[in-house]
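The values are calculated or read from the model by the stated rules, or taken from the named source; none is laboratory data. Only a predicted model underlies this, so the values are computations on that prediction, with no experimental measurement involved. Here the Cβ positions follow ideal geometry from the backbone for every residue, glycine too, while neighbour counts run over all protein chains shown.
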Amino acid sequence: MTDAPSLGPEQQFFADPALDRMMGVVMAMAQELYVTRDRLRGLETLLAEKGVVSTAALDRAPTEAEARARQDDLKEFVGALLTPLLAQKTSHG
Amino acid sequence: MDERAFSAGQAFLLSAKLFWTHKLFGAVKDEVRTASPQPKTLADVAKVLSPSTTYAYFEWFERHLQKMKYSGRYGLVPHADGLRRDLLARLDVNSPLVQVDPALPMPDYYTSVDVHQHPGGVWSDELAGFVYEEGARSTTPAMGVKHADLHQRFTDLIVSEGKPKRILDMGCGFGKSTRPFYRDLPEAEVTAVDLAAPCLNVAGVQASQDQARNVRFLQKNAYETGLPAGSFDLVTSTMLLHEMPPEKIEATMAEAARVLAPGGRMVHLDFHMLPDAFARFIHYGHAVRNNEVYMEPWAEMDIAALLRKQGFTDVTIAPFAEADNVPPDAWRFPWTVISATKAA
Ligand SMILES: C[S@@+](CC[C@H](N)C(=O)[O-])C[C@H]1O[C@@H](n2cnc3c(N)ncnc32)[C@H](O)[C@@H]1O
């Protein structure tokens, strides 16, 4: 997007305008996530058509080893996602 | 912007809009339904909903889903902009069906607000007709992809009462409201006017594809068409009136009376009848959130009295079902048909 000239402030619906703005960030992120999911699906379909992967193999439940490996990844993912809720400083000052 | 990402990004918004239409709206309606005492006036409803968090989300989504639809990263405007050359090549600026008038003045009420949150409105950018056409596919999400049905149903209603020969469609946009008339009534001559040249050009492309011979699209102001007096059997409009300030609506009705032949019929489809205070509150809120400045004054107008004063007879104002199965608890526009006859 190019920088458009300002047309003035957006309407406000929540008591705290921070929530109005944050909702915008959340929805933009959710949209990006959906666009990525859609692309991944497209990629998988193409790969399956070319015989590189099978959709059935992709969709099956993870093996135990895979599930274990995923645990660490998930712990890090969730930690990074939710730590801001604790509202703790990470530096002195 | 790649087409797949654009399509997925817009599909996401439409899906969120459906959630809004059914679930969020349903939750808001429930809060009002279960309020005690029952709200009776606009102010009562406001008292229930102003402190409601559900309603704040309802409002936020109404405004911002529409904003993202047009302006976000996967918005209609940047998407069309990326395809500018291809889209312009699709327009036939020499179409015999379209007459634009670059000297036509654009009224202030029209240029001062971007209705529907469409940046630049439907008139200022050459591509605006394409953007509007694409955007119109999801304006009434309760009906999904069957939006075309609305215009067809309206035409069917009119034709069921007789087949007009000379038809004027005021504020035709990209021709969606005009199309069922020129297709279903090949014997009729259809004239369609709008202020927006970019929309008329898109209408022309569609009409050529339809191989229509009985329609012309003219860039003209609905309340000063300059068309000959007494030259139409039917004057119609769809979603035009709510975009105008009351004095222009009055002028538009007077212009319709002028161009109609004696005994001619005038039928407008718009948002007007609001059954209760809740519907009114939601509609006026929608107007603010969607940059529809004149929606409220139009809904407040005593249009029947005005038409009688202007000498029309058989004035009727009736609700209109936009689809076969309108879900009772989903958000919807207050569709209304306003019709009247010019005295013979
Ligand atoms: C919501 S659109 C409806 C278009 C079309 N009738 C349809 O149903 O798809 C309203 C249209 O009214 C046009 N309009 C607004 N004021 C007008 C005026 N004074 N004269 C002619 N057209 C006008 C706008 O340019 C826009 O295309």
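Results, tabulated for the structure shown:
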| item | result |
| --- | --- |
| Residue in the range B:145-152 that is at pLDDT below 95, more than 14 Å from chain A (Cβ to nearest Cβ), within 25 Å of B:A11 (Cβ to Cβ) and more than 13 Å from the ligand (Cβ to nearest atom) present | yes |
| Residue list for the range B:315-344, filter: part of a strand (DSSP E or B) and surrounded by 13 or more Cβ atoms within 10 Å (Cβ to Cβ) | B:V315, B:I317, B:W335, B:T336, B:V337, B:I338, B:S339, B:A340, B:T341, B:K342 |
| Hits in the range B:113-144 - residues which are at pLDDT 95 or above and hydroxyl-bearing (S, T, Y) | B:Y132 |
| Some residue of the range B:73-92 being under 22 Å from the mean Cα position of the chain (by Cα) and either within 12 Å of another protein chain (Cβ to nearest Cβ) or loosely packed, with under 14 Cβ neighbours inside 10 Å (or both) | yes |
| Hey, B:R4 more than 14 Å from chain A (Cβ to nearest Cβ) and not hydroxyl-bearing (S, T, Y) or not | no |
| Residues being free of Cβ contacts under 8 Å to residues at least 40 places away in the same chain, surrounded by 14 or more Cβ atoms within 10 Å (Cβ to Cβ) and not in a helix (DSSP H, G or I) - total across the range B:9-60 | 2 |
| Candidate set: the range B:179-197, residues that are more than 12 Å from the ligand (Cβ to nearest atom) and assigned to a loop (DSSP other than H, G, I, E, B); chosen: the one farthest from the chain's Cα centre (by Cα) | B:E187 |
| Wholly within chain A, helices (runs of 4 or more DSSP H) carrying at least 3 residues that are without any contact (Cβ under 8 Å) to a residue 60 or more places away in the chain, of a type in the set (V, I, T) and within 11 Å of chain B (Cβ to nearest Cβ) | A:17-49 |
| Total residues in the range B:221-241, condition over 17 Å from B:P180 (Cβ atoms) and surrounded by fewer than 22 Cβ atoms within 10 Å (Cβ to Cβ) | 9 |
| Top-ranked residue in the range B:231-267 [being polar (S, T, N, Q) and assigned to a strand (DSSP E or B); ranked as farthest from the ligand (Cβ to nearest atom)] | B:T236 |
| Where a residue in the range B:220-242 is within 14 Å of chain A (Cβ to nearest Cβ) and its partner, wherever it lies, is near the ligand (Cβ under 8 Å from one of its atoms) and of a type in the set (S, T, Y), with Cβ under 9 Å and at least six apart | none |
| Per-region count, the range B:106-119, residues assigned to a loop (DSSP other than H, G, I, E, B), touching a residue at least 12 places away in the same chain (Cβ under 8 Å) and more than 8 Å from the ligand (Cβ to nearest atom) | 5 |
| Yes/no for B:D270 being touching a residue at least 12 places away in the same chain (Cβ under 8 Å), within 14 Å of the ligand (Cβ to nearest atom), assigned to a strand (DSSP E or B) and among the charged types (D, E, K, R) | yes |
| Some residue of the range B:162-178 being within 11 Å of the ligand (Cβ to nearest atom) and either within 14 Å of chain A (Cβ to nearest Cβ) or part of a helix (DSSP H, G or I) (or both) | no |
| Those residues of the range B:120-133 which are within 12 Å of the ligand (Cβ to nearest atom) and of a type in the set (D, E, K, R), in sequence order | B:E133 |
